[in-house]
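Here the structure comes first, spelled out in C-alpha cells, and everything after it is commentary.
The values are calculated or read from the model by the stated rules, or taken from the named source; none is laboratory data. Fair warning: this is a prediction, and the values are worked out from it, not measured in the lab. With ideal geometry, Cβ positions are generated from the backbone for all residues, glycine too; neighbour counts draw on all protein chains shown.
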Amino acid sequence: SQTIHQWPATLVQPVGSPLSLECTVEGTSNPNLYWYRQAAGRGLQLLFYSVGIGQISSEVPQNLSASRPQDRQFILSSKKLLLSDSGFYLCAWATGGGGEQFFGPGTRLTVL
Amino acid sequence: DQQVKQNSPSLRVQEGRISILNCDYTNSMFDYFLWYKKYPAEGPTFLISISSIKDKNEDGRFTVFLNKSAKHLSLHIVPSQPGDSAVYFCAARTYNTDKLIFGTGTRLQVFP
C-alpha cells in the first residue's frame, strides 16, 4: 500500500531564516506530487506540483520554491522566511491522469 | 477569483439527522469533483467523488449530488454521527489537468 510522509510535524522559525520541508512517498512509482498551504481560516492553496523528477510548476508567486530530486521525494524550501509564510503545509500525491489526491499528515509552520 | 466556493463556513447538525454540505463552482471545464474530510492538524482524507457525466454517487452514509446546470454539488451524510465532526472541503478538477481546486471548507459539528 502507498504511504506518504512529511517532516517535521511542527516547526517554529524566526523571520529571515531558511526552510526545508520534506515529503516522501512509498509504494508507488512516478507519482504526481503537490505542495499545498492552508493558512488560518482559509482553504487549501496549491503552491507547486510536479509530474516527474526535476519538473516543477509553480502556481502562485511567492517566497517559496520546490524541488524533486528523486522520484518519490518532494522538497519545499525558502531562503528567507516571512511572517506570511506561517501556515499548515500539506504534501499530496496522485497517480497520473488526475483523480484523487492523497495527503500527508502536514507540517505546522510558525514564523515569528 | 474563487472558482470553487463553499459559502457556509460552519454547520451544526444533531446526531442521527442529515448533514447537507454545499459547494458552488464557476468553471464549466471542471469534469471531476471530490469531497475531502479534514480533522485538525491532520491531512485531508478523500471521501467520495463524482464525474461530471453523473448526477449522483453513493457510498454508504455519504452521497454526492451534482447539478451541472446550476454548477452546484452537495454532500449528504445520513445519519450524521459525532465522528463526522470535521472540516469538509469540496474540490474540482479541470478537464485534462492533474490539478485540483479546493473550496474554503465547511466546519461540520454533529452534536448529541
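The test for being surrounded by 21 or more Cβ atoms within 10 Å (Cβ to Cβ), in contact with a Gly (Cβ under 9 Å, 6 or more places away or on another chain), modelled with pLDDT of 95 or more and of a type in the set (Ser, Thr, Tyr) holds for B:Ser80. Selection over the stretch A:21-47 of residues that are assigned to a strand (DSSP E or B) and either crowded, with 17+ Cβ neighbours inside 10 Å or within 12 Å of chain B (Cβ to nearest Cβ) (or both) gives a count of 15. The sole residue among A:Gln62, A:Gln73 that is free of Cβ contacts under 8 Å to residues at least 24 places away in the same chain and surrounded by 14 or more Cβ atoms within 10 Å (Cβ to Cβ) is A:Gln62. The number of residues in the stretch A:91-112 that are within 10 Å of chain B (Cβ to nearest Cβ) and more than 17 Å from A:Ser65 (Cβ to Cβ) comes to 15. Note on the stretch A:53-89: residues that are among the hydrophobic types (A, V, I, L, M, F, W, C) and assigned to a strand (DSSP E or B) amount to 6. It is to be established whether one or more residues within the stretch A:96-108 are loosely packed, with under 14 Cβ neighbours inside 10 Å and part of a strand (DSSP E or B). So far as the stretch A:96-108 goes, no, none of its residues is loosely packed, with under 14 Cβ neighbours inside 10 Å and part of a strand (DSSP E or B). Take A:Ser50 and tell me if it is surrounded by 17 or more Cβ atoms within 10 Å (Cβ to Cβ), of a type in the set (S, T, N, Q) and within 25 Å of B:Cys90 (Cβ to Cβ). Yes, satisfied. Highlighted here are the strands (runs of 3 or more DSSP E) found entirely within the stretch B:8-90 that include at least 2 residues which are of a type in the set (Phe, Trp, Tyr): B:30-38, B:62-67.
Kindly indicate whether A:Gly16 is touching a residue at least 60 places away in the same chain (Cβ under 8 Å) and either buried (at least 21 other Cβ atoms within 10 Å of the Cβ) or not in a strand (DSSP E or B) (or both). Yes, satisfied. Kindly indicate whether any position in the stretch B:95-111 is farther than 28 Å from A:Tyr89 by Cα and not in a loop (DSSP other than H, G, I, E, B). For the stretch B:95-111, residues farther than 28 Å from A:Tyr89 by Cα and not in a loop (DSSP other than H, G, I, E, B): present. Residues considered: A:Leu21, A:Leu33. Of these, the only one that is modelled with pLDDT of 95 or more and closer than 19 Å to B:Ala41 by Cα is A:Leu21. Kindly establish whether B:Lys37 is among the basic types (Lys, Arg), surrounded by 14 or more Cβ atoms within 10 Å (Cβ to Cβ), within 21 Å of A:Leu90 (Cα to Cα) and without any contact (Cβ under 8 Å) to a residue 40 or more places away in the chain. So B:Lys37 does not fit the description; no.
So that you can scan it fast, the table gives a plain yes or no per residue for (1) more than 14 Å from chain A (Cβ to nearest Cβ); (2) surrounded by 13 or more Cβ atoms within 10 Å (Cβ to Cβ); (3) under 30 Å from A:Arg108 (Cβ atoms); (4) in contact with a Ser or Thr (Cβ under 7 Å, 6 or more places away or on another chain):
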site: B:Lys56; (1), (2), (3), (4): yes, no, no, yes
site: B:Asn67; (1), (2), (3), (4): yes, no, no, no
site: B:His72; (1), (2), (3), (4): yes, yes, no, no
site: B:Asp84; (1), (2), (3), (4): yes, yes, yes, yes
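One residue is enough: does the stretch B:19-27 have a residue meeting the conditions surrounded by fewer than 16 Cβ atoms within 10 Å (Cβ to Cβ) and either within 14 Å of chain A (Cβ to nearest Cβ) or of a type in the set (Lys, Arg) (or both)? No; the residues of the stretch B:19-27 include none that is surrounded by fewer than 16 Cβ atoms within 10 Å (Cβ to Cβ) and either within 14 Å of chain A (Cβ to nearest Cβ) or of a type in the set (Lys, Arg) (or both).
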